[in-house]
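Beneath this line is the structure, given in C-alpha cells, with notes to follow.
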Amino acid sequence: MKGAVFEGKHKIIIKEDLIKPSIEEDEVLIKTKKVAICGTDVGSYETGGPYFPGIVLGHEFSGEIVEVGEKVKKLKVGTRVTVNPQIPCNECYYCLHDQENMCKIKNYALGTTENGAMREYLNVKAERVHVLPDDISFEQAALVEPISVALYAVKESEFQIGQTAAVIGAGPIGLFVIQVLKAAGAAKIFVLEPVEFKQKKALEFGANKVFLPNAWKKISRKTNNIGPDHVYDCVGLSSTFTNSLNLIKKGGKITLIGMHANSLDISNILSMTTNNITVRGVYGYNQEIFKIAINLLEQGKILVDPLITKNIKLEEVPDIFEKLSKPEHDELKVIVELD
Ligand SMILES: [Zn+2]
Ligand SMILES: [Zn+2]
C-alpha cells in the first residue's frame, strides 16, 4: 500500500510497501479519497517538528468505509465519511467536559503524532467518524477539519450578531473565519492581508474591506475611532499581535489562532491592561463543532471550492511541500487525490 511518510525536516518519502491496516472491534477501515494539505503540515516540513518523524501525513480528509469492526453498530460499509483526527483519552477531566482539544494527552492526532490519511487505507475509531450528507463531495469534506478550527475560534470568542471584527491574515483559516463571521451576523469585517490574491479571496468571501497589515489607523477611522469589537489573529507573530492591540476597541477581545512564533516581542503590552483587553488562545475543536461545520458546509454557508487551488496525486506530495515551503507560492488549499 502506498503512502506519504514524514521523515523530518524537508523530507517526505512516498512509500510503496506500507502495510494495509487491520481493524479492532471498535474501529472502521476507510478507503481514503481526498486529503488536504494544512499549513501546520508545511510548518513541520520546514522545521522538522512537532510532528513525529515516521508518521503518515494527513489530518484533513474524507473517504469511504470498506470494513466495520464487530462492535460498531451505527456505521456501514459504503458510507461516505470524514474524521475528527484528534485522539482524546475520553477519560480525563477535559474529555469528560466535552473539551477533547484540551485532553491531557493534547496534540495527539492522526497525521501529526499517529499515522494519518495520506495512504490508501486507514483504520480509525468509529466514534471519530462523521457521516457525510449526499451533497457534500469528498473534496469538500476534506476541509471540514479547518472549517472546524475557524468555527471553534469564533464560537469561543463569544462573537455576537451585529458586532464588528478584524481578521489578520487571509490564508485558509482566515478565509474560513471571515465566512463564519459572516454566517454569524457580523456588521462589518475588516481584513489585514499583504498578498493581493488573498485580499481578493477575502472580499469574495464577505470581507467589507481589505487593508495592508499596518493599516490599523484606517480601520479605526472606519469604526468612528473606536476599533472593532473583535480581532482574530490568524498569523501569530509579534507584528500581528502588536497590530491586534493597536486595532482592538477598548474592552474588546483578541482571539489568537495562528501559531507562527513561540515567543512574542510586544512593545505596547500595557495597553492590554489600560484598555481592558481580553486575549484568548484557541486550539482544535470538539465533536459538536465538527458536526456544525458539516452542517454549515451542507447549507452552503461556508464555501470551500474557491479555496482549492490545486489537485495532485500522492506521488506529487514531496514536490508540492517543497513549493509550499517557499513564501512566494500562490496556493491556498492543495488536495491530494487517492481515489
Ligand atoms: Zn490542519
Ligand atoms: Zn482526555
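The values are calculated or read from the model by the stated rules, or taken from the named source; none is laboratory data. Quantities reported herein were computed from a predicted structural model and do not represent experimental measurements. Using ideal geometry, Cβ is built from the backbone for each residue, glycine included, and neighbour counts are taken over all protein chains shown.
Farther than 30 Å from Gly258 by Cβ, surrounded by fewer than 22 Cβ atoms within 10 Å (Cβ to Cβ) and either of a type outside the set (S, T, N, Q) or within 16 Å of ligand 1 (Cβ to nearest atom) (or both): does that describe Pro53?
Taking the combined requirement at face value, the residue does not satisfy it.
Please give the number of the condition His130 fails out of (1) under 16 Å from Glu288 (Cα atoms); (2) within 13 Å of ligand 2 (Cβ to nearest atom).
(2)
Can you tell me which residue is nearest to Met259 (Cα to Cα) among those in the range 136-162 that are out of contact with any Leu (no Cβ under 9 Å at 6 or more places or on another chain) and not in a helix (DSSP H, G or I)?
For the range 136-162, the residue satisfying everything is Ser157.
Residue-by-condition table, conditions (1) without any contact (Cβ under 8 Å) to a residue 60 or more places away in the chain; (2) of a type outside the set (S, T, N, Q); (3) closer than 10 Å to Asp233 by Cβ:
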| position | (1), (2), (3) |
| --- | --- |
| Gly251 | yes, yes, no |
| Ala261 | yes, yes, no |
| Arg280 | no, yes, no |
| Gln287 | no, no, no |
| Ile292 | no, yes, no |
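Only residues that are hydroxyl-bearing (Ser, Thr, Tyr) and surrounded by fewer than 17 Cβ atoms within 10 Å (Cβ to Cβ): list them for the range 221-251, please.
Ser238, Ser239
Taking the condition of being over 10 Å from Leu245 (Cα atoms) and in contact with a helix residue (DSSP H, G or I) (Cβ under 6 Å, 6 or more places away or on another chain), how many residues in the range 259-282 meet it?
Looking only at that region, the number is 3.
Table: residues versus (1) charged (D, E, K, R); (2) modelled with pLDDT under 95; (3) not assigned by TED's automatic domain parsing to the domain that holds His130.
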residue	(1), (2), (3)
Leu270	no, yes, yes
Ile294	no, no, yes
Glu298	yes, no, yes
Thr309	no, no, no
Leu332	no, no, no
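Output the residues belonging to the range 64-115 that are at positive phi and either modelled with pLDDT of 95 or more or crowded, with 16+ Cβ neighbours inside 10 Å (or both).
Residues satisfying the conditions are Gly78, Gly111.
List, please: which pairs have Cβ atoms under 7 Å, are six or more places apart or on different chains, and start with a residue in the range 21-43 that is under 25 Å from Glu70 (Cβ atoms) and end with one that is within 16 Å of ligand 2 (Cβ to nearest atom)?
Qualifying pairs under 7 Å: Asp26/Lys125; Glu27/Lys125.
Would a scan of the range 183-192 turn up a residue that is farther than 25 Å from Leu18 by Cβ, within 16 Å of ligand 2 (Cβ to nearest atom) and either in a strand (DSSP E or B) or in contact with a strand residue (DSSP E or B) (Cβ under 9 Å, 6 or more places away or on another chain) (or both)?
no
Have a look at Lys11, Lys31 and point out the one that is at pLDDT 95 or above, more than 22 Å from the chain's Cα centre (by Cα) and within 26 Å of Ala261 (Cα to Cα).
Every option except Lys11 fails the conditions.
Test each condition in (1) more than 15 Å from Glu158 (Cα to Cα); (2) more than 25 Å from the chain's Cα centre (by Cα); (3) part of a loop (DSSP other than H, G, I, E, B) for Ala261 and report the one that comes out false.
Evaluating Ala261 over (1) more than 15 Å from Glu158 (Cα to Cα); (2) more than 25 Å from the chain's Cα centre (by Cα); (3) part of a loop (DSSP other than H, G, I, E, B) leaves (2) as the failure.
Of the residues that make up the range 295-318, is at least one among the polar types (S, T, N, Q) and either in a helix (DSSP H, G or I) or out of contact with any strand residue (DSSP E or B) (no Cβ under 9 Å at 6 or more places or on another chain) (or both)?
Checked against the condition, which is being among the polar types (S, T, N, Q) and either in a helix (DSSP H, G or I) or out of contact with any strand residue (DSSP E or B) (no Cβ under 9 Å at 6 or more places or on another chain) (or both), the range 295-318 yields at least one hit.
Pick from the range 185-216 the residues that are touching a residue at least 12 places away in the same chain (Cβ under 8 Å) and among the basic types (Lys, Arg): which of them is farthest from Lys333 (Cα to Cα)?
Lys188
Val124: over 21 Å from Lys313 (Cα atoms), out of contact with any Lys or Arg (no Cβ under 9 Å at 6 or more places or on another chain) and not assigned by TED's automatic domain parsing to the domain that holds Ile55, yes or no?
Criteria not met by Val124.
Taking the stated definitions as given, is Asn286 surrounded by fewer than 17 Cβ atoms within 10 Å (Cβ to Cβ) and either farther than 25 Å from Tyr45 by Cα or modelled with pLDDT under 95 (or both)?
no
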